[in-house]
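These notes are about the structure you will find just below.
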Amino acid sequence: MAIDFFINLAYLLGAVGFVWGLRLLSSPDTARRGNIYAGVGMGLAIIAALVAPLEGANNNYGWIIGGIAVGAVAGGISARRIQMTAMPQMVSIFNGLGGACAVVLAMVELVNMSNPTAGGIGIALLTLLIGGVAFTGSLLAFAKLQGLVWDSTITLPKHNIINMVLLVGTLVVGVLLYLQGAEMSLGLLLTFLGLTLVYGFSFVAPIGGADMPVVISLLNSFTGLSAAAAGLIYGNQLMLVGGILVGASGTILTVLMCEAMNRSLLNVLVGGFGGGGSSAAKGTGDQVAKEVTINDAAIQLYYSQSVMIVPGYGLAVAQAQKVCKEVDDLLEANGVDVKYAIHPVAGRMPGHMNVLLAEADVPYPKLLDLDDANDALPNTDIVVVVGANDVVNPSALDDPGSPIYGMPVLNVWEAKHVIVLKRSMSPGYAGIQNPLFFHDKNRMLFGDAKDSLGKVVSELKNL
Amino acid sequence: MDTIYQFFNENLLLIYLLIFTIILGFEVISKVPTVLHTPLMSGANAISGVVIIGAILLIRQAEPDDYLTLSLGFLGVVLGMVNVAGGFAVTDRMLEMFKKKKAKK
């Protein structure tokens, strides 16, 4: 009995570690400690699972220890090597692995039928469904973020209808399996597995670019829910608690990201960004965007009172966060007030820009959120847009025909001057033309963001 | 209907746990500031690696010559462990950067 007490205590402490750890994440000062608490909780839980007395257990510890060793080395090495700019990919792939793990557990359960009750079978099927979608959906999200596939190449015509048919088909097969119960046919089960995996791919396929933060949050929530469902299979409360917490976190982030774009989740899922927008490119064809030279840009920045930097995904692609901080330091040394405006959906995952700037040692009180930044913009001398596009697009406010109409954006044109760093005039990832580029106050600085900022740094040093 | 009543009555504690965890999760996580959303995601990711417990229990209960279950369980442990180890390590790396700046100020 004593051993049972300690096992249960370890699981309980594990759950407390998860909750307490997430609670400490509410402040940057305590966040690191929180992560360690959650990690210790996980460690306790794993030890408990290893030594818990099981009836008729063969243990097979060799297999388990081997698996843990392989997983720990692979996870540890990739965690250490990964670039901060590649964090969305990393989170996606890890997320997919969690889903895959739940799929494996559900499949074994359904083949072995160790709990052939209606409830047990239903839960295992649910685990398989959610885990399968999370698995392949995350893999595709990873491939997209890594630049391995492009949205247009994997999106079929009438993709939304195909998705709907796939989803209904998958659910029908699931219900058939449930009705077959303990005598379910292996062929049909494999069909179900195949369908969930295909649906995972297919549902992420048309979603891309600026909608990526929503998808990643949603997949995160799916993985959590599949872990929780797997916890029900094994009657393990800790798996249930951990899974639900992750599910809650993913759901909250999904909702926040949707709110930041002023769109419903359904609209994001079926709405393919940039596909529509009949009036998007209208009337901008013959306008010319004015350029600024490196030298002029540096002088303007040097003699201004206040500068607001607006980072976007381009900052991550160009790995320009450190040189950005150099510009910041040189300007601050000359008494210029430098702030950063962070749009909630800038980048490819929630909080993406914050992490990059943290890596470059930008103190977080200098980062303004959407509302604070918009309050400060009318009193700002120069806005420097580094690789952001849709989040500074005035069409969102004044062009009802634009696909991003209604999305809250950073009103950078309210500042005295704007400089946009961009590689070329091509419209952004979402394929939407940006009238800001032709605005009177705006000047373009063409070139790779890291390269351009590097040149600005050397100019500033010469002033 | 009777089966639903019965299920509810028999699993009352589990249902309480489920509902309170959902409420607690939403309360705790809605307090996380925007600055920390990426570490929140990767930390949550690590926590979802808790499925590894299921994989461990699966292997322990398998027959020593049931190589299919053992291999699948092994795969499950590897997948779960990558999630756990990688997730916590990368979150720690990120949070260290946030802390460093505070010290400098």
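The values are calculated or read from the model by the stated rules, or taken from the named source; none is laboratory data. None of these values were measured; they are calculated from a predicted model. Ideal geometry is used to build each Cβ from the backbone, glycine not excepted, and the neighbour counts take in all protein chains shown. In case anyone asks, the SASA skips ligands and DNA or RNA and just uses the protein heavy atoms, side chains included. Shrake-Rupley method; radii C 1.70, N 1.55, O 1.52, S 1.80 Å.
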Report ³J(HN,Hα) in whole Hz for each residue of the range A:441-454, in order, from the Karplus equation J = 6.51 cos²θ - 1.76 cosθ + 1.60 where θ = phi - 60°; Gly and Pro get x. 7, 9, 10, 9, 10, 6, x, 4, 4, 5, 4, 4, 5, x
Could you pull out every one of the aspartates and glutamates with an alpha carbon less than 20 Å from that of A:K144, ignoring same-chain neighbours closer than 8 positions? A:D211, A:D390
Peptide-level mean, for A:85-93, of C-beta atoms on other protein chains within 10 Å: 3
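Show me the three semi-axes of the equivalent ellipsoid for the range A:65-160, from the C-alpha gyration tensor (sqrt of 5 times each eigenvalue), largest first, rounded to whole Å. Present the calculation step by step, with values, prior to reporting the outcome.
Working: eigenvalues 168, 103, 13 Å².
Result for the range A:65-160: semi-axes of 29, 23, 8 Å.
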Cα axis of helix A:321-333 to longest principal axis of chain A: angle in degrees, 0 to 90, nearest 10? 40 degrees
Hey, any idea what Rg/Rh is for the range A:1-56, computing Rh the Kirkwood way over Cα pairs? 1.14
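Which percent, to the nearest 5, of DSSP beta bridges fully inside the protein assembly as shown are antiparallel? Could the numbers behind the result be given before it?
Values: 0 of 22 bridges.
Taking every DSSP beta bridge within the protein assembly as shown, about 0 percent pair in antiparallel fashion.
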Please average, across the residues of B:64-71, the number of beta carbons from any other chain that are within 10 Å of each residue's own beta carbon, and give a whole number. 3
Apply the Karplus parameterisation 6.51 cos²θ - 1.76 cosθ + 1.60, with θ equal to phi minus 60°, to every residue of the range A:252-268 and state each ³J(HN,Hα) to the nearest whole Hz, in sequence, with x for glycine and proline. 4, 5, 4, 5, 4, 5, 5, 4, 5, 9, 6, 10, 7, 4, 4, 4, 5
Pull up all non-local amide H partners of A:L368: gap of 5 or more, or a different chain, and H-to-H distance under 5 Å with H placed in the peptide plane. A:Y340, A:A341, A:I342
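Any idea what diffusion coefficient the range A:294-462 gets from Stokes-Einstein, in µm²/s, Kirkwood Rh on alpha carbon pairs, 20 °C, 1.002 mPa s?
Working: Rh = 15.7 Å.
Taking Rh from Cα pairs, D becomes 137 µm²/s.
Would you calculate a helix-derived [θ] at 222 nm for chain A, using -39,500 (n - 2.57) for each DSSP H run of n ≥ 4 and dividing by the full residue count, to the nearest 500? Numbers along the way, then the final one.
Details: 18 runs with 279 residues, N = 463.
That comes out to -20000 deg cm²/dmol.
What helices does chain B have that are whole DSSP H segments, at least 15 Å long along their own axis by Cα, and with mean Kyte-Doolittle hydropathy of -1.0 or more? Walk me through the numbers before you get to the answer.
Working: long enough: B:12-29 (25 Å, 2.73); B:37-48 (16 Å, 0.23); B:67-81 (20 Å, 1.87); B:87-104 (27 Å, -0.62).
Answer set is B:12-29, B:37-48, B:67-81, B:87-104.
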What percent do you get for the relative contact order of the range A:75-146 when only Cα pairs under 8 Å and 6+ apart count? 48 percent
Listed residues B:L36, B:L58, B:L17; largest mean-square fluctuation, Gaussian network over chain B with Cα springs below 10 Å, found at B:L17
In whole Å, what is the distance between the alpha-carbon centres of the range A:146-216 and the range B:8-59? 25 Å
Given the DSSP H assignment, sum -39500 (n - 2.57) over each helix run of at least 4 residues in chain B and divide by its residue total; what's the result at 222 nm in deg cm²/dmol, nearest 500? -25000 deg cm²/dmol
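Loop sites only, by DSSP: take the chymotrypsin sites (Phe, Trp or Tyr not before Pro) in chain A that have at most 13 other C-beta atoms within 10 Å and name the longest stretch containing none of them.
Working: sites that count: A:W150, A:Y303.
The segment A:304-463 is the longest one with no such site.
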For chain B, build the charge dipole from Cβ charges (+1 Lys, Arg; -1 Asp, Glu) around the Cα centre, then report which of B:I47, B:T91, B:F7 sits farthest towards its positive end. B:T91
With +1 on each Lys and Arg Cβ and -1 on each Asp and Glu Cβ, and nothing else charged, work out how big the dipole of the range A:1-86 is about its Cα centre, in Debye to the nearest 20. 440 debye
Which of the pairs A:K422/A:K450; A:K339/A:K422; A:K416/A:K450; A:K325/A:K455 have their Cα atoms more than 22 Å apart in this structure? A:K416/A:K450
For the range A:121-203, the percent of accessible surface on carbon and sulfur atoms (probe 1.4 angstrom, ligands and nucleic acids excluded) is 78 percent
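Determine the relative contact order of chain A: mean sequence separation of Cα pairs under 8 Å and six or more apart, normalised by residue count, in whole percent.
On the way: 771 pairs, mean separation 63.2, N = 463.
Rounded, it is 14 percent for chain A.
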Regarding the protein assembly as shown, what are the three Cα extents along the principal axes, ordered largest first, in Å? 78, 53, 40
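Return a whole-number percent for the relative contact order of chain B, with Cα pairs under 8 Å and 6 or more residues apart as the contact set. Present the calculation step by step, with values, prior to reporting the outcome.
Working: 52 pairs, mean separation 30.4, N = 105.
With pairs under 8 Å counted, the relative contact order is 29 percent.
Whenever you get a sec, compute what percent of the accessible area on the range A:1-54 sits on carbon and sulfur atoms (1.4 Å probe). Walk me through the numbers on the way to the answer.
Numbers: 1970 of 2610 Å².
Reported share for carbon and sulfur atoms: 76 percent.
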For A:V384, which sequence-distant residues (separation of 5 or more, or a different chain) have an amide H within less than 5 Å of its own amide H, given hydrogens modelled in the peptide plane? A:M308, A:I309, A:V310, A:I419
For the range A:87-102, Karplus-derived ³J(HN,Hα) couplings (6.51, -1.76, 1.60; θ = phi - 60°; whole Hz; x for glycine and proline) come out as 4, x, 4, 4, 4, 4, 5, 4, 4, x, 5, x, x, 4, 4, 4
Using the heavy atoms of the protein chains and a 1.4 angstrom probe, tell me the accessible area per residue for the protein assembly as shown in square angstrom. 41 Å²
Residues of A:220-232, mean number of Cβ from any other protein chain within 10 Å of their own Cβ, rounded to a whole number? 4
Where only C-alpha atoms are counted, convex hull volume of the range A:88-272 per residue in Å³: 104 Å³
Between B and A, accessible area buried - total, square angstrom, nearest 100, 1.4 angstrom probe: 7900 Å²
Kindly report, to the nearest 10 Å², the accessible surface of A:D371 as traced by a 1.4 Å probe over protein heavy atoms only. 110 Å²
In chain B, carbon and sulfur make up what percent of the accessible area (probe 1.4 Å)? 67 percent
Using alpha carbon coordinates only, what is the Rg to Rh ratio of the range A:72-126, with Rh defined as the Kirkwood radius? 1.22
